[in-house]
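First comes the structure, then the notes that go with it.
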Amino acid sequence: LHEHNVVWFEEALRPDDVEGFKQLRELSPVPIATGECLRRRQAFYPFIYNKAVDVLQPDLTVVGGISEGRRIGWLANDEGILVVLHGWNTAVGLAADLQLTAALEQAKFVEYQTGTTYIDGILASPFALDKDGMLPVPSKPGLGIEVDLALVKKHGPQ
């Protein structure tokens with residue numbers, strides 16, 4: 001993977017295998033990532049304090065929101081661990097991920113999926129990459145987005 005310039009290797013082991021992740025990180029020339037399956041702030045502690053990963057990927061929609069994500073991010077920052085929020089959920093989750101990423105020192109990417117109705121199809125002004133290929137952080141009040149309820153209803157259960 002290293003020869004192919006892979007940025008990180010994600011979810012290589014069982015989500016609770018802290019010792020395995022630690023060993024893999026020590027041996028791998030490719031950065032090791034995990035966290036999208038972890039559900040509580042406390043579940044991240046062993047990975048952070050044992051330096052078991054290079055990249056943590058909490059999902060704000062399952063770890064308790066922005067406040068809990070911020071706590072995880074601060075702890076990761078203290079240990080020099082990159083945070084890449086796992087945003088494969090909805091436009092609201094992606095907006096929260098972008099806001100928190102902008103506020104964390106050890107965060108510079110957001111993982112998200114394109115081509116999905118619940119991200120691309122429910123906002124009054126959908127997300128769009130800028131001229132540099134970056135996803136701008138929404139700047140309106142709150143999370144910076146406006147959910148179009150008619151579009152939610154259109155794409156929701158009938």
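The values are calculated or read from the model by the stated rules, or taken from the named source; none is laboratory data. Given the structure is predicted, the values throughout are model-derived calculations rather than measurements. Cβ sites come from the backbone with ideal geometry, for glycine too, and all protein chains shown count toward neighbours. Just the protein is used for accessible areas: all its heavy atoms, side chains included, with ligands, DNA and RNA removed. Shrake-Rupley method; radii C 1.70, N 1.55, O 1.52, S 1.80 Å.
Return the long-range amide H neighbours of Val83 (sequence gap of 5 or more, or a different chain), with a cut-off of under 5 Å between placed amide H atoms.
Leu56, Ala107, Lys108
If you plug each phi of region 61-70 into the Karplus form 6.51 cos²θ - 1.76 cosθ + 1.60 with θ = phi - 60°, what whole-Hz ³J(HN,Hα) values come out, in order, with x for Gly and Pro?
Here the 3J(HN,Hα) series is 6, 10, 8, x, x, 5, 4, 5, x, 4 Hz.
Taking the Kirkwood radius as the inverse of the mean 1/r across Cα pairs, report the Rg/Rh of region 1-132.
Computed over Cα atoms, the ratio is 0.98.
Send over the semi-axes of region 34-102's equivalent ellipsoid, whole angstrom and largest first, taken as the square roots of 5 times the C-alpha gyration tensor eigenvalues.
In descending order the semi-axes read 19, 11, 10 Å.
What list of ³J(HN,Hα) couplings, whole Hz, do you get for region 4-12 from phi and the Karplus terms 6.51, -1.76, 1.60, once you set θ to phi - 60° and write x for glycine and proline?
9, 6, 5, 6, 7, 9, 9, 6, 6
Please give me the summed charge of the neighbours of Pro58: other residues whose Cβ is under 9 Å from its Cβ, Lys and Arg +1, Asp and Glu -1.
Net charge around Pro58: -2.
Using only Cα atoms, tell me the angle between helix 18-27 and the longest principal axis of the chain; keep it within 0 to 90° and round to the nearest 10.
Result, in degrees: 70.
Ignoring ligands, DNA and RNA, what percent of the accessible area of region 1-85 is carbon or sulfur (1.4 Å)?
The nonpolar share, carbon plus sulfur, comes to 51 percent.
If contacts are Cα pairs under 8 angstrom and at least 6 residues apart, what is the relative contact order of region 100-158 in percent?
29
Per residue, how much accessible surface does the chain expose to a 1.4 Å probe? Answer in Å², no decimals.
57
Short version: ³J(HN,Hα) in whole Hz for each residue of region 108-122, in order, from phi by Karplus 6.51 cos²θ - 1.76 cosθ + 1.60 (θ = phi - 60°), x for Gly and Pro, what are they?
My calculation for region 108-122 gives 9, 10, 10, 8, 8, 10, 9, x, 10, 4, 6, 10, 7, x, 10 Hz in order.
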